[in-house]
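Inspection log for the structure reproduced underneath, given as C-alpha coordinates.
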Amino acid sequence: MHHSIRKQLALVPLAFVLLIPAARGGESDALPPAVSNANAQLLSQFFAQSGGGASPAVLEYRRKLAEYQQIRGAFDAEAGAYWGQVTEKRRGRNAKRRGGQQITLDDYVLDQPPVYTGPKRPVNPEPEETPERPTRKPLPVASDLLRAAQDLYQFTPQRPTNEVEFKRAYARYALSSGLTREQAVRVYSFETGGTGNFDVQAGIEHGGKRAISTAMGYNQLLTTNSVELLAEQGHEFIRALSDKVARSSGPERQSLEHKLGVLKKMVAHAKSVPDTWSEHEKIGDTTQGWAMHAMVLDIDIGPMLQTHKLLTSVLFARAKGYTRPLTAAELEMMNLTGDGTGLDMVTMPQAMREQVPTSNFFQRGGYERNPVAIRHNTVAKLLAVTDARMDSNSNNSGARELTAAF
(Lines give C-alpha, C1' and ligand atoms only; values in the text may rest on other atoms or scores of the structure.)
Protein backbone atom coordinates (compact mmCIF):
# COMPACT_ATOMS: atom_id res chain seq x y z
CA MET A 1 0.00 0.00 0.00
CA HIS A 2 1.36 3.45 -0.89
CA HIS A 3 0.67 6.61 1.12
CA SER A 4 1.62 10.19 0.49
CA ILE A 5 4.29 11.84 2.66
CA ARG A 6 1.62 14.01 4.26
CA LYS A 7 -0.33 10.93 5.38
CA GLN A 8 2.79 9.28 6.74
CA LEU A 9 3.71 12.34 8.84
CA ALA A 10 0.19 12.58 10.18
CA LEU A 11 0.63 9.17 11.84
CA VAL A 12 3.34 10.46 14.21
CA PRO A 13 1.34 12.79 16.50
CA LEU A 14 -1.56 10.35 16.48
CA ALA A 15 0.68 7.52 17.65
CA PHE A 16 2.22 9.59 20.44
CA VAL A 17 -1.15 10.88 21.64
CA LEU A 18 -2.51 7.36 21.89
CA LEU A 19 0.54 6.19 23.85
CA ILE A 20 0.73 9.10 26.34
CA PRO A 21 -1.86 7.77 28.85
CA ALA A 22 0.00 4.48 29.19
CA ALA A 23 3.28 6.30 29.81
CA ARG A 24 1.81 8.52 32.55
CA GLY A 25 -0.47 6.21 34.38
CA GLY A 26 1.41 2.95 34.42
CA GLU A 27 -0.41 -0.33 34.44
CA SER A 28 -3.51 1.01 36.25
CA ASP A 29 -4.22 3.31 33.33
CA ALA A 30 -3.16 0.86 30.61
CA LEU A 31 -5.13 0.91 27.39
CA PRO A 32 -7.42 -1.98 26.52
CA PRO A 33 -5.55 -4.73 24.64
CA ALA A 34 -7.44 -4.10 21.39
CA VAL A 35 -6.47 -0.44 21.38
CA SER A 36 -2.89 -1.23 22.38
CA ASN A 37 -2.54 -3.78 19.57
CA ALA A 38 -3.97 -1.32 17.04
CA ASN A 39 -1.46 1.33 18.12
CA ALA A 40 1.41 -1.13 17.82
CA GLN A 41 0.33 -2.10 14.30
CA LEU A 42 0.02 1.58 13.36
CA LEU A 43 3.55 2.34 14.49
CA SER A 44 4.89 -0.79 12.80
CA GLN A 45 3.25 0.25 9.55
CA PHE A 46 4.67 3.75 9.78
CA PHE A 47 8.23 2.66 10.41
CA ALA A 48 8.04 0.05 7.65
CA GLN A 49 6.85 2.69 5.19
CA SER A 50 9.56 5.06 6.34
CA GLY A 51 12.16 2.44 5.52
CA GLY A 52 12.80 1.33 9.08
CA GLY A 53 11.84 -2.28 8.36
CA ALA A 54 13.32 -2.52 4.87
CA SER A 55 16.44 -4.47 3.98
CA PRO A 56 19.53 -2.61 2.74
CA ALA A 57 18.88 -3.97 -0.77
CA VAL A 58 15.34 -2.55 -0.78
CA LEU A 59 16.50 0.81 0.56
CA GLU A 60 19.17 0.99 -2.15
CA TYR A 61 16.57 0.07 -4.77
CA ARG A 62 14.27 2.87 -3.56
CA ARG A 63 17.12 5.36 -3.69
CA LYS A 64 18.05 4.34 -7.22
CA LEU A 65 14.42 4.32 -8.32
CA ALA A 66 13.90 7.88 -7.10
CA GLU A 67 17.07 8.97 -8.91
CA TYR A 68 15.99 7.19 -12.10
CA GLN A 69 12.48 8.70 -12.00
CA GLN A 70 13.85 12.20 -11.58
CA ILE A 71 16.34 11.88 -14.46
CA ARG A 72 13.94 10.01 -16.74
CA GLY A 73 11.15 12.49 -16.03
CA ALA A 74 13.37 15.40 -17.04
CA PHE A 75 14.36 13.57 -20.25
CA ASP A 76 10.75 12.72 -21.14
CA ALA A 77 9.78 16.37 -20.72
CA GLU A 78 12.60 17.40 -23.09
CA ALA A 79 11.78 14.64 -25.59
CA GLY A 80 8.07 15.41 -25.42
CA ALA A 81 8.74 19.02 -26.37
CA TYR A 82 10.97 17.91 -29.27
CA TRP A 83 8.46 15.46 -30.73
CA GLY A 84 5.67 17.97 -30.26
CA GLN A 85 7.67 20.36 -32.42
CA VAL A 86 8.14 17.62 -35.06
CA THR A 87 4.35 17.17 -35.17
CA GLU A 88 3.71 20.90 -35.47
CA LYS A 89 6.25 21.29 -38.28
CA ARG A 90 4.65 18.37 -40.14
CA ARG A 91 1.24 20.00 -39.89
CA GLY A 92 2.71 23.23 -41.16
CA ARG A 93 4.29 21.51 -44.18
CA ASN A 94 1.03 19.80 -45.04
CA ALA A 95 -0.81 23.11 -44.88
CA LYS A 96 1.78 24.78 -47.11
CA ARG A 97 1.56 21.99 -49.67
CA ARG A 98 -2.21 22.29 -49.78
CA GLY A 99 -1.76 25.98 -50.42
CA GLY A 100 0.87 25.43 -53.12
CA GLN A 101 3.60 27.13 -51.06
CA GLN A 102 7.28 26.21 -51.21
CA ILE A 103 8.75 24.08 -48.42
CA THR A 104 12.00 25.39 -46.90
CA LEU A 105 14.45 24.28 -44.22
CA ASP A 106 12.49 26.31 -41.67
CA ASP A 107 9.64 23.84 -42.11
CA TYR A 108 11.66 21.03 -40.50
CA VAL A 109 13.14 20.44 -37.05
CA LEU A 110 16.86 20.60 -37.74
CA ASP A 111 18.12 19.34 -34.37
CA GLN A 112 18.53 15.63 -33.75
CA PRO A 113 16.17 14.19 -31.11
CA PRO A 114 17.43 14.03 -27.52
CA VAL A 115 19.01 10.74 -26.50
CA TYR A 116 18.52 9.26 -23.04
CA THR A 117 21.90 8.67 -21.36
CA GLY A 118 20.80 8.32 -17.74
CA PRO A 119 20.62 5.21 -15.58
CA LYS A 120 18.42 2.25 -16.40
CA ARG A 121 15.36 1.59 -14.28
CA PRO A 122 16.63 -0.43 -11.29
CA VAL A 123 15.41 -3.96 -10.66
CA ASN A 124 13.22 -4.36 -7.59
CA PRO A 125 14.72 -7.04 -5.29
CA GLU A 126 11.23 -7.78 -3.96
CA PRO A 127 8.75 -9.75 -6.08
CA GLU A 128 6.28 -7.59 -7.96
CA GLU A 129 2.95 -8.44 -9.50
CA THR A 130 3.14 -8.19 -13.28
CA PRO A 131 -0.02 -7.62 -15.26
CA GLU A 132 -0.98 -10.49 -17.52
CA ARG A 133 -0.34 -9.75 -21.17
CA PRO A 134 -3.11 -10.65 -23.57
CA THR A 135 -2.32 -13.72 -25.64
CA ARG A 136 -1.13 -12.75 -29.09
CA LYS A 137 -2.96 -14.22 -32.04
CA PRO A 138 -0.55 -16.28 -34.17
CA LEU A 139 0.26 -14.67 -37.50
CA PRO A 140 -1.11 -16.45 -40.56
CA VAL A 141 1.36 -18.21 -42.86
CA ALA A 142 0.88 -19.47 -46.41
CA SER A 143 -0.98 -22.62 -45.32
CA ASP A 144 -3.48 -20.50 -43.33
CA LEU A 145 -4.05 -18.21 -46.31
CA LEU A 146 -4.67 -21.12 -48.65
CA ARG A 147 -7.07 -22.74 -46.18
CA ALA A 148 -9.03 -19.49 -45.82
CA ALA A 149 -9.31 -19.10 -49.61
CA GLN A 150 -10.61 -22.65 -49.92
CA ASP A 151 -13.07 -22.36 -47.02
CA LEU A 152 -14.53 -18.97 -47.94
CA TYR A 153 -14.26 -18.90 -51.74
CA GLN A 154 -13.79 -22.56 -52.68
CA PHE A 155 -10.64 -21.47 -54.45
CA THR A 156 -7.01 -22.51 -54.46
CA PRO A 157 -4.55 -19.99 -55.94
CA GLN A 158 -2.62 -21.33 -58.93
CA ARG A 159 0.97 -21.46 -57.78
CA PRO A 160 3.79 -21.35 -60.35
CA THR A 161 5.52 -24.53 -61.44
CA ASN A 162 8.82 -22.90 -60.47
CA GLU A 163 10.25 -19.60 -59.29
CA VAL A 164 11.37 -18.44 -62.73
CA GLU A 165 7.80 -18.71 -64.04
CA PHE A 166 6.58 -16.28 -61.39
CA LYS A 167 9.48 -13.88 -61.96
CA ARG A 168 8.77 -13.79 -65.69
CA ALA A 169 5.06 -13.13 -65.09
CA TYR A 170 5.97 -10.32 -62.68
CA ALA A 171 8.50 -8.80 -65.07
CA ARG A 172 5.99 -8.79 -67.97
CA TYR A 173 3.25 -7.14 -65.97
CA ALA A 174 5.56 -4.66 -64.24
CA LEU A 175 7.06 -3.45 -67.54
CA SER A 176 3.68 -3.16 -69.24
CA SER A 177 2.36 -1.14 -66.28
CA GLY A 178 5.19 1.38 -66.23
CA LEU A 179 7.72 0.12 -63.69
CA THR A 180 11.35 -0.04 -64.80
CA ARG A 181 13.60 -3.04 -64.42
CA GLU A 182 15.86 -1.07 -62.08
CA GLN A 183 12.98 -0.14 -59.79
CA ALA A 184 11.58 -3.67 -59.64
CA VAL A 185 14.89 -5.49 -59.18
CA ARG A 186 16.43 -3.11 -56.66
CA VAL A 187 13.31 -2.91 -54.49
CA TYR A 188 13.08 -6.72 -54.59
CA SER A 189 16.76 -6.86 -53.58
CA PHE A 190 16.16 -4.57 -50.62
CA GLU A 191 12.94 -6.20 -49.45
CA THR A 192 14.00 -9.85 -49.71
CA GLY A 193 17.78 -9.65 -49.58
CA GLY A 194 17.96 -10.57 -53.25
CA THR A 195 17.11 -14.22 -52.56
CA GLY A 196 13.38 -14.32 -51.75
CA ASN A 197 10.90 -16.55 -53.55
CA PHE A 198 7.40 -15.45 -54.58
CA ASP A 199 6.00 -16.77 -51.26
CA VAL A 200 8.72 -15.43 -48.95
CA GLN A 201 7.30 -14.15 -45.65
CA ALA A 202 8.94 -11.81 -43.14
CA GLY A 203 10.69 -13.92 -40.51
CA ILE A 204 10.52 -17.13 -42.52
CA GLU A 205 13.58 -16.57 -44.65
CA HIS A 206 17.32 -17.04 -44.33
CA GLY A 207 16.75 -19.85 -41.83
CA GLY A 208 14.03 -18.09 -39.83
CA LYS A 209 11.29 -20.34 -38.44
CA ARG A 210 8.66 -17.88 -37.14
CA ALA A 211 6.68 -15.26 -39.05
CA ILE A 212 7.17 -11.77 -37.65
CA SER A 213 4.53 -10.14 -39.84
CA THR A 214 2.16 -10.96 -42.70
CA ALA A 215 4.51 -9.26 -45.20
CA MET A 216 4.83 -11.58 -48.18
CA GLY A 217 6.28 -11.70 -51.66
CA TYR A 218 8.81 -9.72 -53.64
CA ASN A 219 7.58 -6.38 -52.30
CA GLN A 220 6.44 -7.69 -48.90
CA LEU A 221 2.71 -6.95 -48.96
CA LEU A 222 0.83 -7.05 -45.66
CA THR A 223 -2.69 -8.47 -45.48
CA THR A 224 -3.92 -4.86 -45.33
CA ASN A 225 -2.01 -4.05 -48.54
CA SER A 226 -3.74 -6.89 -50.35
CA VAL A 227 -7.20 -5.78 -49.19
CA GLU A 228 -6.46 -2.16 -50.10
CA LEU A 229 -5.12 -3.01 -53.54
CA LEU A 230 -8.16 -5.18 -54.31
CA ALA A 231 -10.41 -2.29 -53.24
CA GLU A 232 -8.55 0.43 -55.15
CA GLN A 233 -7.10 -1.43 -58.15
CA GLY A 234 -9.54 -4.32 -58.40
CA HIS A 235 -11.11 -2.97 -61.58
CA GLU A 236 -7.70 -3.16 -63.28
CA PHE A 237 -7.10 -6.72 -62.04
CA ILE A 238 -10.55 -7.78 -63.29
CA ARG A 239 -9.92 -6.20 -66.70
CA ALA A 240 -6.51 -7.87 -67.08
CA LEU A 241 -7.79 -11.28 -66.04
CA SER A 242 -10.86 -10.92 -68.28
CA ASP A 243 -8.54 -10.31 -71.23
CA LYS A 244 -6.67 -13.51 -70.38
CA VAL A 245 -9.96 -15.45 -70.17
CA ALA A 246 -10.94 -14.18 -73.62
CA ARG A 247 -7.66 -15.50 -75.09
CA SER A 248 -8.01 -18.98 -73.54
CA SER A 249 -10.05 -22.09 -74.29
CA GLY A 250 -10.92 -25.52 -72.93
CA PRO A 251 -10.06 -26.50 -69.33
CA GLU A 252 -7.73 -23.51 -68.99
CA ARG A 253 -10.62 -21.16 -69.76
CA GLN A 254 -12.86 -22.89 -67.21
CA SER A 255 -10.20 -22.53 -64.53
CA LEU A 256 -9.64 -18.85 -65.36
CA GLU A 257 -13.38 -18.13 -65.38
CA HIS A 258 -13.65 -19.59 -61.87
CA LYS A 259 -10.70 -17.47 -60.77
CA LEU A 260 -12.29 -14.38 -62.31
CA GLY A 261 -15.53 -15.04 -60.42
CA VAL A 262 -13.62 -15.35 -57.13
CA LEU A 263 -11.64 -12.18 -57.88
CA LYS A 264 -14.85 -10.24 -58.50
CA LYS A 265 -16.26 -11.41 -55.15
CA MET A 266 -13.07 -10.44 -53.33
CA VAL A 267 -13.04 -7.01 -54.94
CA ALA A 268 -16.69 -6.48 -53.96
CA HIS A 269 -15.92 -7.47 -50.37
CA ALA A 270 -12.90 -5.15 -50.24
CA LYS A 271 -14.99 -2.28 -51.60
CA SER A 272 -17.80 -2.89 -49.09
CA VAL A 273 -16.11 -0.73 -46.43
CA PRO A 274 -14.87 2.89 -46.54
CA ASP A 275 -11.61 3.25 -48.47
CA THR A 276 -9.34 3.81 -45.46
CA TRP A 277 -6.32 1.94 -44.18
CA SER A 278 -7.97 1.32 -40.79
CA GLU A 279 -11.05 -0.28 -42.37
CA HIS A 280 -8.94 -2.43 -44.68
CA GLU A 281 -6.81 -3.43 -41.71
CA LYS A 282 -9.91 -4.74 -39.92
CA ILE A 283 -10.68 -7.01 -42.88
CA GLY A 284 -7.02 -8.01 -43.16
CA ASP A 285 -7.14 -9.32 -39.60
CA THR A 286 -9.94 -11.78 -40.44
CA THR A 287 -9.99 -15.05 -42.37
CA GLN A 288 -11.63 -13.13 -45.22
CA GLY A 289 -8.59 -10.88 -45.37
CA TRP A 290 -6.33 -13.93 -45.24
CA ALA A 291 -8.18 -15.40 -48.21
CA MET A 292 -7.63 -12.17 -50.16
CA HIS A 293 -3.96 -12.18 -49.16
CA ALA A 294 -3.65 -15.68 -50.63
CA MET A 295 -3.90 -14.06 -54.08
CA VAL A 296 -0.29 -12.94 -53.60
CA LEU A 297 0.59 -16.58 -54.30
CA ASP A 298 -1.41 -16.83 -57.54
CA ILE A 299 0.52 -16.81 -60.83
CA ASP A 300 -1.98 -14.41 -62.45
CA ILE A 301 -3.05 -12.12 -59.59
CA GLY A 302 0.18 -12.19 -57.56
CA PRO A 303 2.29 -10.25 -60.11
CA MET A 304 -0.47 -7.62 -60.33
CA LEU A 305 -0.52 -7.13 -56.56
CA GLN A 306 3.29 -6.98 -56.40
CA THR A 307 3.42 -4.44 -59.24
CA HIS A 308 0.71 -2.15 -57.93
CA LYS A 309 2.26 -2.08 -54.46
CA LEU A 310 5.00 0.00 -56.11
CA LEU A 311 3.09 1.52 -59.00
CA THR A 312 0.63 3.32 -56.72
CA SER A 313 3.58 5.25 -55.27
CA VAL A 314 4.82 6.18 -58.75
CA LEU A 315 1.35 7.40 -59.74
CA PHE A 316 0.94 9.25 -56.43
CA ALA A 317 4.17 11.19 -57.01
CA ARG A 318 3.13 11.97 -60.58
CA ALA A 319 -0.30 13.19 -59.44
CA LYS A 320 1.43 15.53 -56.99
CA GLY A 321 3.41 17.09 -59.84
CA TYR A 322 6.64 15.15 -59.36
CA THR A 323 7.45 14.06 -62.90
CA ARG A 324 11.10 13.01 -62.57
CA PRO A 325 11.49 9.20 -62.53
CA LEU A 326 11.84 7.87 -58.98
CA THR A 327 15.08 6.09 -58.18
CA ALA A 328 14.65 2.69 -56.59
CA ALA A 329 15.78 4.07 -53.20
CA GLU A 330 13.24 6.89 -53.42
CA LEU A 331 10.52 4.44 -54.38
CA GLU A 332 11.50 2.25 -51.44
CA MET A 333 11.16 5.22 -49.06
CA MET A 334 7.59 5.68 -50.27
CA ASN A 335 7.03 1.93 -50.03
CA LEU A 336 8.26 1.83 -46.43
CA THR A 337 6.93 5.07 -44.95
CA GLY A 338 3.76 5.65 -46.97
CA ASP A 339 3.29 7.77 -50.05
CA GLY A 340 2.75 11.13 -48.35
CA THR A 341 5.71 10.86 -45.97
CA GLY A 342 7.93 9.30 -48.62
CA LEU A 343 7.17 12.06 -51.12
CA ASP A 344 8.13 14.61 -48.46
CA MET A 345 11.65 13.14 -48.55
CA VAL A 346 11.74 12.50 -52.29
CA THR A 347 10.87 16.06 -53.31
CA MET A 348 13.60 17.52 -51.11
CA PRO A 349 16.67 18.92 -52.93
CA GLN A 350 20.00 17.29 -52.09
CA ALA A 351 21.26 20.24 -50.03
CA MET A 352 18.25 19.92 -47.73
CA ARG A 353 18.55 16.13 -47.59
CA GLU A 354 22.01 16.59 -46.08
CA GLN A 355 20.59 18.68 -43.21
CA VAL A 356 17.11 17.38 -42.40
CA PRO A 357 17.00 14.69 -39.68
CA THR A 358 15.08 11.50 -40.36
CA SER A 359 13.12 12.10 -37.14
CA ASN A 360 10.94 14.57 -39.08
CA PHE A 361 9.25 11.62 -40.81
CA PHE A 362 8.45 9.42 -37.80
CA GLN A 363 6.32 9.29 -34.71
CA ARG A 364 8.44 9.09 -31.55
CA GLY A 365 7.71 5.42 -30.84
CA GLY A 366 8.44 4.32 -34.40
CA TYR A 367 11.68 6.27 -34.52
CA GLU A 368 12.98 4.95 -31.21
CA ARG A 369 12.38 1.38 -32.42
CA ASN A 370 14.15 1.98 -35.74
CA PRO A 371 17.93 1.62 -35.36
CA VAL A 372 18.51 2.24 -39.08
CA ALA A 373 16.81 5.65 -39.00
CA ILE A 374 18.66 6.53 -35.78
CA ARG A 375 22.06 5.49 -37.09
CA HIS A 376 21.57 7.06 -40.52
CA ASN A 377 19.99 10.17 -39.11
CA THR A 378 19.55 12.47 -42.11
CA VAL A 379 17.51 11.98 -45.27
CA ALA A 380 20.70 11.82 -47.36
CA LYS A 381 22.25 9.14 -45.12
CA LEU A 382 19.06 7.05 -45.08
CA LEU A 383 18.77 7.09 -48.87
CA ALA A 384 22.49 6.32 -49.20
CA VAL A 385 22.35 3.25 -46.95
CA THR A 386 19.24 2.06 -48.82
CA ASP A 387 21.11 2.37 -52.12
CA ALA A 388 24.13 0.58 -50.66
CA ARG A 389 21.96 -2.33 -49.48
CA MET A 390 20.38 -2.54 -52.93
CA ASP A 391 23.81 -2.53 -54.58
CA SER A 392 25.02 -5.38 -52.42
CA ASN A 393 21.88 -7.55 -52.63
CA SER A 394 21.46 -7.08 -56.38
CA ASN A 395 24.36 -9.49 -56.85
CA ASN A 396 22.50 -12.33 -55.13
CA SER A 397 21.00 -15.23 -57.07
CA GLY A 398 17.32 -14.22 -56.88
CA ALA A 399 18.06 -10.67 -58.00
CA ARG A 400 20.12 -11.87 -60.95
CA GLU A 401 17.29 -14.25 -61.86
CA LEU A 402 14.73 -11.42 -61.73
CA THR A 403 16.99 -9.18 -63.84
CA ALA A 404 17.17 -11.89 -66.49
CA ALA A 405 13.35 -12.19 -66.46
CA PHE A 406 13.10 -8.62 -67.75
Exercise for review: Project the alpha carbons of the stretch 105-161 onto their principal axes and report the range along each, largest first, in whole Å.
Suggested key: 57, 51, 22
Review point. Given labels modelled 7 Å from the Cα in the Cβ direction, how far is it in nm from Ile103 to Tyr82?
Key: 2.1
**Study point:** Area accessible to solvent at Ser392, 1.4 Å probe radius, in Å²
**Key:** 70
Practice item. Please label the shape of the chain as rounded, prolate or oblate, based on the square roots a ≥ b ≥ c of the eigenvalues of the alpha-carbon gyration tensor (a/c under 1.5 means rounded; beyond that, a/b larger than b/c means prolate, else oblate). Key: prolate
Point to revise | Leu221 long-range amide H proximity, modeled H, under 5 Å | key: Met216
Point to revise | Spin-label pair Lys209/Val385, simplified geometry with 7 Å Cα→Cβ offset, distance in nm | key: 3.0
Review point. Near Lys381, which aspartates and glutamates are there with a Cα under 13 Å away, not counting those fewer than 8 places off in the same chain?
Key: Glu330, Glu354
**Study point:** Stretch in the chain that is longest and holds no trypsin sites (Lys or Arg not before Pro) that DSSP places in a loop and that have at most 12 other beta carbons within 10 Å
**Key:** 248-368
Check your understanding: Percent of accessible area on the chain owned by carbon and sulfur, 1.4 Å probe?
Key -> 54
Study note, to complete from the structure: Once Lys and Arg are counted +1 and Asp and Glu -1 for all other residues with Cβ under 10 Å from that of Gly342, the total becomes -4
Practice item. Evaluate the relative contact order of the chain (contact order divided by residue number), counting alpha-carbon pairs under 8 angstrom at least 6 apart; express in whole percent. Key: 19
Check your understanding: Say a paramagnetic label sat at a point 7 Å from the Cα of Ser249, along Cα to Cβ; which residues of the stretch 295-311 have their backbone N under 20 Å from it?
Key -> none
Check your understanding: With contacts defined as alpha carbon pairs under 8 Å and 6 or more residues apart, what's the relative contact order of the stretch 166-310 in percent?
Key -> 31
Review point. Angle between the Cα long axis of helix 56-98 and the longest principal axis of the chain, 0 to 90 degrees, nearest 10?
Key: 40
Exercise for review: Whenever you get a sec, line up Val123, Val385 from highest to lowest accessible area (probe 1.4 Å, protein heavy atoms).
Suggested key: Val123, Val385
Review point. With every protein chain in place, what's the accessible area of Asp111 (1.4 Å probe, Å², nearest 10)?
Key: 110
Point to revise | the stretch 287-406: relative contact order in percent, alpha carbon pairs under 8 Å with at least 6 residues between | key: 16
**Study point:** Dipole magnitude of the chain, debye to nearest 20 (Cβ charges: Lys/Arg +1, Asp/Glu -1, about Cα centre)
**Key:** 560
Study note, to complete from the structure: Given a 1.4 Å probe, the accessible area of the chain per residue, as a whole number of Å², is 55
Check your understanding: Which ³J(HN,Hα) values, rounded to whole Hz and listed in residue order, are derived for the stretch 190-196 from phi using the Karplus coefficients 6.51, -1.76 and 1.60 in 6.51 cos²θ - 1.76 cosθ + 1.60 with θ = phi - 60°, glycine and proline given as x?
Key -> 6, 6, 10, x, x, 9, x
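The values are calculated or read from the model by the stated rules, or taken from the named source; none is laboratory data. Please read these numbers as outputs of a predicted model, since none were measured by experiment. Here Cβ is always computed from backbone atoms with ideal geometry, including for glycine, and neighbour counts include all displayed protein chains. For accessibility, only protein heavy atoms count, side chains too; no ligands or nucleic acids. Shrake-Rupley method; radii C 1.70, N 1.55, O 1.52, S 1.80 Å.
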